[in-house]
Amino acid sequence: MELLRIENLTHMFGGLKAISDLHIAVNRKTIYGVIGANGAGKTTLFNLITGIYKPTAGRIVLDRTSLVGKPSYEISRLGVARTFQNLRLFNDLNVIENIHVGQICHRGLRKSKAKEMSDKIEDLLNLFGLEMRANEKAGNLPYGMQRKLEIARALATEPKLLLLDEPAAGMNPKEVLGLVSLIQEVKKQFSDITIVLIEHQMKLVEGLCDYVTVMNFGQAIANGTVQEVQSNPKVIKAYLGEA
Ligand code: ATP
């Protein structure tokens, strides 16, 4: 049932405790939201899960395998893919090539799979509405499409766990609505996938996340369904009160 378990996770940057004794359990095939104001520690959490940083203390376990101390490429091969708050596309490669890079990371360059790989690229292009832009350089796409392409590239690695870091950052309200239905569609089509998404707007996680953790200054101040945390006095005081 459970795919990801985080226990007693703590991370220090010098004297600053960016993550403090965090516990999170993410069930398979769910969408889990991590919400919190700027500086709450959300991106640091993703950097710890993906092996960019090694935690000061605590455990991160995916499918009974400890991720702590493993290099990022190995964590990626174990089935963890992510997007970044600030886009990290290959701007001079076209849309197809960007998605193909994701596939190569996962599968290597085995030629026998070429047809299957190109079929999967086509499916992703259709799902993300990028088919008309397939041969355009990523750097020339409108911003909203670049954000979608980053998710498509991450999915091309066929992850068990997809980490989305503020996928709606910089989007207008209409684009945000489109993103919500897109993520719902991803969930439907990739039926085994588990998604953890970071957001600082409660709006995006409403209707999308099965369960959320609200972070404040590195600590989880509430866990539960969106409805439950929205009525939690600590959350209202620390976070929603200012929204
Ligand atoms: P945002 O929404 O602004 O990205 P966040 O919740 O993702 O915020 P983090 O980026 O994880 O927050 O930062 C948590 C804390 O750790 C902040 O106080 C930040 O300044 C600090 N921090 C993050 N990365 C580093 C680093 N590499 N070195 C030192 N301090 C850092």
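Worth a mention:
- In Å², nearest 10: area of S72 left accessible to a 1.4 Å probe: 50 Å²
- Beta bridges assigned by DSSP with both partners in the chain are antiparallel in approximately 55 percent of cases.
- Considering only L163, L208, V226, and ranking their Cα positions along the charge dipole of the chain that arises from unit charges at the beta-carbon of Lys, Arg, Asp and Glu, the one farthest toward the positive end is L163.
- Förster-model FRET efficiency, 30 Å R0, E122 and R77, C-beta, rounded to 0.05: 0.80
- Between 0 and 90°, nearest 10: helix 114-127 axis offset from the chain longest Cα axis: 60 degrees
- Among the protein heavy atoms, those of L124 account for about 10 Å² of accessible surface (1.4 Å probe, every chain in place).
- From the largest down, region 1-111 spans 45, 31, 26 angstrom on the principal axes of its Cα atoms.
- Based on Cα contacts under 8 Å between residues 6+ apart, the chain shows a relative contact order of 27 percent.
- Segment K234-E7, extension gain: residue separation times 0.36 nm, minus the distance between their alpha carbons: 79.5 nm
- Calculated from backbone phi, Karplus (6.51, -1.76, 1.60) coupling profile of region 158-167 in Hz, x at Gly/Pro: 6, x, 7, 10, 10, 9, 10, 9, 6, x
- Cβ charges +1 (Lys, Arg) and -1 (Asp, Glu), total dipole of region 1-125, debye: 300 debye
- Mean separation of Cα pairs under 8 Å and 6 or more residues apart, divided by the residue count, gives region 78-198 a relative contact order of 39 percent.
- Of every Cα-Cα pair in region 36-81, the percent that sits beyond 17 Å: 30 percent
- Phi angles of region 201-206 translate, via the Karplus equation with coefficients 6.51, -1.76, 1.60 and θ = phi - 60°, into HN-Hα couplings of 9, 5, 3, 5, 7, 5 Hz per residue; Gly and Pro are given as x.
- When Rg and the Kirkwood Rh are both derived from Cα coordinates, the Rg/Rh ratio for region 94-195 amounts to 0.95.
- Qualifying trypsin sites (Lys or Arg not before Pro) for region 28-99 [loop in DSSP, other Cβ within 10 Å: at most 12]: R64, R88
- The chain: calculated mean residue ellipticity at 222 nm from DSSP helix runs of at least 4, using -39500 (n - 2.57): -10000 deg cm²/dmol
- With N as its number of residues, the chain has a Cα radius of gyration that, divided by 2.2 N^0.38 Å, comes to 1.00.
- Set K148/K234; K54/K113; K148/K237; K42/K113; K54/K174; K115/K160 screened for pairs whose C-alpha atoms are more than 30 Å apart: K148/K234; K54/K113; K148/K237; K42/K113; K54/K174
- Counting only Cβ charges, +1 for Lys and Arg and -1 for Asp and Glu, the dipole size of region 107-243 around its Cα centre is about 420 debye.
- Under-5 Å amide H pairs with A57, H placed in peptide plane, nonlocal only: T10
- Overall, the chain carries a charge dipole of about 540 debye about its Cα centre when +1 sits on the Cβ of Lys and Arg and -1 on the Cβ of Asp and Glu, all other atoms neutral.
- The simple Förster model, with R0 at 35 Å and r as the Cβ-Cβ distance, assigns A134 and F84 a FRET efficiency of 0.95.
- Region 53-148: projected area of the alpha-carbon convex hull, averaged over directions, in nm²: 7.8 nm²
The values are calculated or read from the model by the stated rules, or taken from the named source; none is laboratory data. Keep in mind that this is a model prediction, so the values were computed, not measured. We place every Cβ from the backbone using ideal geometry, glycine too, and count neighbours over all the protein chains shown. Accessible surface areas use protein heavy atoms only, side chains included; no ligands, DNA or RNA. Shrake-Rupley method; radii C 1.70, N 1.55, O 1.52, S 1.80 Å.
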